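Scroll down for the structure; my scribbles are underneath it.
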Amino acid sequence: LAKLKSSKIFFRNTRKSQLTFIPLRNIQVSIIGSVGEVGSNLALLLKQNPKISRLQLYDDNESVNKLALELDCLPGGPTVSAFAGPSMLCPAIRFTDLILMVDRTHRKPGIKREQMIFANAPPVQKLCRAMAEQNSKAFLAMTTSPLNSIVPFASVLLLNYGSYNPFKVFGITHLDLARTRSLAGNVLQANPTELQIPVIGGHSDETIVPLFSNISPKTYEVSERQADMLTRLIRKAGVEVINKKYGTESASLSMAWSINEFVDCILDALRGAEVTVNTYTANPHFGTKFFSGPTVVGAQGLVQPCYEFKLNDFEDKLLEKAIPMISRDVAQGEQYVDVFE
Ligand code: LMR
């Protein structure tokens, strides 16, 4: 094991597209909200990741113990530990490098994402308090809805608690990326894993802005009619799943898969590489305080937020409409902090 730890592996630097050496190191990851459909599927995926040394599963619900017991029986991957109940939140995150906040009350049919702040803010507040007390150095990455407001909400709370690092607070938006690539793959009859299509803005029906004009490989072309249709489908994809599940859950397997894709890149960042992930972070380049898009992240956090794209007229209009919506959502999150003071 000691030999393995001191060895080095090849890593493809996604920004510069070149092979670089990066050292292995012990990395601890905590999942907050492990028992839910997203958390448990994510735990299974992360248990298979050899870049993680310890996987800490936290949930208010006692059944987190059963989940950890089962996962710890699987050979390979990280050691898994369970932390059940509010008094175990601090130990669950104390020595962690990456905290994944996936706890959520899921949306029901007819409910908009912004209405979810009432149900979803309290566990985020508890986590921010625990981070301020125990571990303000960790990366915090969230998918809790409404993401456009929850990331600013957590940021203001951490600031108030004296432990805000804007370079280390992330909203994970890889689900929009996954949906964009797979839906575009169907329309273009292309292999979605080969498609690169930036998705910028925020994570809601009015703020997800896929940039089909920036598609790569350049051999593919998306007409304005196709872009319009695909954009509507991508924006409605969350609601579509909720309706198909008759309101019993929202997207969970695809959400877990997308978080796993983000985490796998961040693990390389924590080990010293610069990687590009799709994430909603503090970003002043588009006239809002927070913005999502391809972002370069390194061992100390955010290196370069997304800042420049060539847009066609259709995308320009989408972005123009999205900006005030993002600002409204950011303000909602920042103001919601008052409820906890
Ligand atoms: C999604 O896009 O599937 C998630 O944001 C969950 C939801 O409430 O739609």
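The values are calculated or read from the model by the stated rules, or taken from the named source; none is laboratory data. None of these values were measured; they are calculated from a predicted model. As a convention, Cβ positions derive from the backbone with ideal geometry for all residues, glycine included, and neighbour counts pool all protein chains shown. Areas reflect the complete protein model, heavy atoms only, side chains present, ligands, DNA and RNA absent. Shrake-Rupley method; radii C 1.70, N 1.55, O 1.52, S 1.80 Å.
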Given a 1.4 angstrom probe, what's the average accessible area per residue across the chain, in square angstrom?
45
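Please list, by residue number, every one of the chymotrypsin sites (Phe, Trp or Tyr not before Pro) in the range 216-297 that is coil in DSSP and has at most 15 other beta-carbon atoms within 10 Å. Walk me through the numbers on the way to the answer.
Details: sites: Y220, Y246, W257, F262, Y280, F286, F290, F291; in loops: Y220, Y246, F286.
The qualifying sites are Y246.
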Through the Karplus equation 6.51 cos²θ - 1.76 cosθ + 1.60, θ set to phi - 60°, convert the phi angles of the range 292-299 into ³J(HN,Hα) values in whole Hz; use x for Gly and Pro.
10, x, x, 10, 8, 10, x, 4
Can you list the trypsin sites (Lys or Arg not before Pro) in the range 242-326 that are in a DSSP coil and have 15 or fewer other beta carbons within 10 angstrom?
K245, K310
Rounded to the nearest percent, how much of the accessible area of the range 138-261 (1.4 Å probe, protein heavy atoms only) is carbon and sulfur?
55
Given pairs K66/K126; K47/K168; K137/K168; K168/K321 and cut-off 19 Å on Cα-Cα distance, the over-length ones are K66/K126; K47/K168; K168/K321
5 angstrom amide H check on N61, placed H, neighbours 5+ away
G85
Calculate how large, on average over all directions, the projected area of the Cα convex hull of the range 28-70 is; give the answer in nm² to one decimal.
2.7
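Under the 0.36 nm per residue contour assumption, what length would be gained going from the current alpha-carbon distance of N243 and V303 to full extension? Walk me through the numbers on the way to the answer.
Working: separation 60, 0.36 × 60 = 21.60 nm, distance 3.86 nm.
Extra length from N243 to V303 when fully extended: 17.7 nm.
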Tabulate in residue order the Karplus-calculated ³J(HN,Hα) for the range 195-204, using 6.51 cos²θ - 1.76 cosθ + 1.60 with θ = phi - 60°, rounded to whole Hz; enter x for Gly and Pro.
8, 10, 9, x, 10, 10, x, x, 10, 6
At the level of C-alpha centres, the distance separating the range 114-184 and the range 265-321, in angstrom, is 15
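If we sort 232-238, 192-198 on the protection proxy, mean other Cβ atoms within 10 Å, highest first, what's the order? It would help to have the intermediate numbers written out before the result.
Working: 232-238: 18.3, 192-198: 15.6.
So the peptides 232-238, 192-198, ranked by packing, come out 232-238, 192-198.
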How much of S34 can a 1.4 Å solvent probe reach, expressed as accessible area in Å² and rounded to 10?
0
Kirkwood calc, the chain, C-alpha pairs only, radius in angstrom 20.3
